[in-house]
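Written below as structure tokens is the structure these notes are about.
The values are calculated or read from the model by the stated rules, or taken from the named source; none is laboratory data. Owing to the predicted nature of the structure, the values given are computational and were not obtained by experimental measurement. As a convention, Cβ positions derive from the backbone with ideal geometry for all residues, glycine included, and neighbour counts pool all protein chains shown.
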Ligand SMILES: NC(=O)c1ccc[n+]([C@@H]2O[C@H](COP(=O)([O-])OP(=O)(O)OC[C@H]3O[C@@H](n4cnc5c(N)ncnc54)[C@H](OP(=O)(O)O)[C@@H]3O)[C@@H](O)[C@H]2O)c1
């Protein structure tokens, strides 16, 4: 794939998405659509990207849980802005596991945003990218989806579903010119994790952005951030259950 000239960000107020948009605009990206629940809150980033050299930056309304609006939303963006080289699926909710254990509506809201919303919006996106014959969908999955941990298993289960969906979509689009890249960060210092104890191998949003830019250049299908988490999570995944249960994670 060539350089990303046009970028659609779903979750345009996300810190990781902001770092990624800055990183791509510093490279060659010139058209950016920031889609957010409250587009006004994406305006400061839009102004910054214009200042950094992007020639055409829009902010538009998008709610991951408003499933009925997704097809029209995707058609509007592609009809107005033309070809999109890269779609970054960045929206997500972390939640507080102990609170979620007593609040089923909050748990459902989290799962609907992280998983169902991603599925709902991805189908029209995959259709439009297939029709144009090129493009990459980048999904912000998480190491949390690799093996559910009791400390955040509602979130982890939503990311496991998202990750599996993205892998299957990537395989189904193989040969169409459309790629799917699954990004699995560990703990990233953003507003999502503000106030939480840092996990080992914690990273900044800029490190995720750099890994995404590098993954796009080499058409990677899976990116771990930081890279050594791949080995760590593989070990964790294969730990026998009685040992896994004794871990304080
Ligand atoms: N930070 C980490 O440690 C970490 C690690 C692995 C993966 N990730 C994933 O990376 C992605 C970005 O996270 P981040 O760290 O950048 O967190 P963030 O700054 O809190 O961004 C999360 C974004 O999701 C948006 N969002 C939530 N519900 C939405 C909905 N129903 N519709 C549209 N947008 C919605 C939020 O929009 P509002 O501004 O409207 O609330 C916000 O822009 C998430 O999918 C997260 O799960 C994060």
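Return the only residue of 56, 103, 75, 85 being away from the ligand (no atom under 14 Å from the Cβ) and crowded, with 20+ Cβ neighbours inside 10 Å. So that I can check it myself, show each step before the final result.
Values: 56 fails: crowded, with 20+ Cβ neighbours inside 10 Å; 103 fails: crowded, with 20+ Cβ neighbours inside 10 Å; 75 fails: crowded, with 20+ Cβ neighbours inside 10 Å.
Only one candidate passes the filter, namely 85.
Could you tell me which of the residues 161, 133, 170, 175 is more than 12 Å from the ligand (Cβ to nearest atom), more than 19 Å from residue 17 (Cβ to Cβ) and in contact with a strand residue (DSSP E or B) (Cβ under 6 Å, 6 or more places away or on another chain)?
170
Tell me the residue from 239, 247, 216 that is away from the ligand (no atom under 11 Å from the Cβ) and surrounded by 21 or more Cβ atoms within 10 Å (Cβ to Cβ), please. So that I can check it myself, show each step before the final result.
Values: 239 fails: surrounded by 21 or more Cβ atoms within 10 Å (Cβ to Cβ); 247 fails: surrounded by 21 or more Cβ atoms within 10 Å (Cβ to Cβ).
Just a single option satisfies the conditions, and that option is 216.
From the list 194, 220, 202, 211, which residue is free of Cβ contacts under 8 Å to residues at least 40 places away in the same chain and under 14 Å from the mean Cα position of the chain (by Cα)? Give the steps one after another, and end with the answer.
Numbers: 194 fails: under 14 Å from the mean Cα position of the chain (by Cα); 220 fails: under 14 Å from the mean Cα position of the chain (by Cα); 202 fails: under 14 Å from the mean Cα position of the chain (by Cα).
211 is the lone residue from the list that is free of Cβ contacts under 8 Å to residues at least 40 places away in the same chain and under 14 Å from the mean Cα position of the chain (by Cα).
Residue 151 is checked against (1) more than 19 Å from residue 179 (Cα to Cα); (2) touching a residue at least 24 places away in the same chain (Cβ under 8 Å); (3) not in a loop (DSSP other than H, G, I, E, B) and fails just one. What number does that condition carry?
(3)
In this structure, is residue 47 within 11 Å of the ligand (Cβ to nearest atom) and out of contact with any helix residue (DSSP H, G or I) (no Cβ under 6 Å at 6 or more places or on another chain)? Talk me through it step by step, then tell me what you get.
Numbers: within 11 Å of the ligand (Cβ to nearest atom): no; out of contact with any helix residue (DSSP H, G or I) (no Cβ under 6 Å at 6 or more places or on another chain): yes.
In short, no.
Could you tell me which of the residues 42, 35, 21, 64 is in a helix (DSSP H, G or I), within 11 Å of the ligand (Cβ to nearest atom) and crowded, with 22+ Cβ neighbours inside 10 Å?
Details: 35 fails: in a helix (DSSP H, G or I); 21 fails: within 11 Å of the ligand (Cβ to nearest atom); 64 fails: in a helix (DSSP H, G or I).
The match here is 42.
Could we say that residue 110 is at pLDDT 95 or above, in contact with a helix residue (DSSP H, G or I) (Cβ under 7 Å, 6 or more places away or on another chain) and outside any helix (DSSP H, G or I) here?
Working: at pLDDT 95 or above: yes; in contact with a helix residue (DSSP H, G or I) (Cβ under 7 Å, 6 or more places away or on another chain): yes; outside any helix (DSSP H, G or I): no.
Taking the combined requirement at face value, the residue does not satisfy it.
Residue by residue, here is whether (1) under 19 Å from the mean Cα position of the chain (by Cα); (2) under 14 Å from residue 11 (Cβ atoms) holds:
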| site | (1), (2) |
| --- | --- |
| 66 | yes, yes |
| 76 | no, no |
| 91 | yes, yes |
| 122 | yes, yes |
| 141 | yes, yes |
| 145 | yes, no |
| 154 | yes, no |
| 160 | yes, no |
| 167 | yes, no |
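I'm trying to understand the selection: among the residues of segment 223-240, which are farther than 11 Å from residue 146 by Cα and within 19 Å of the chain's Cα centre (by Cα)? Before you say what the answer is, go through the steps one by one.
Within segment 223-240, the first condition is being farther than 11 Å from residue 146 by Cα, and the residues that meet it are 223-228, 231, 239-240.
Correct list: 223, 224, 225, 226, 227.
Any idea which of (1) surrounded by fewer than 15 Cβ atoms within 10 Å (Cβ to Cβ); (2) in contact with a helix residue (DSSP H, G or I) (Cβ under 6 Å, 6 or more places away or on another chain) is the one residue 139 doesn't satisfy?
Checking residue 139 against (1) surrounded by fewer than 15 Cβ atoms within 10 Å (Cβ to Cβ); (2) in contact with a helix residue (DSSP H, G or I) (Cβ under 6 Å, 6 or more places away or on another chain), the one that fails is (1).
Answer yes or no: is there a residue in segment 192-200 that is near the ligand (Cβ under 7 Å from one of its atoms) and touching a strand residue (DSSP E or B) at 6+ places or on another chain (Cβ under 7 Å).
Keep residues of segment 192-200 that are near the ligand (Cβ under 7 Å from one of its atoms), which gives 192-193.
Narrowing further to those that are touching a strand residue (DSSP E or B) at 6+ places or on another chain (Cβ under 7 Å): none.
No.
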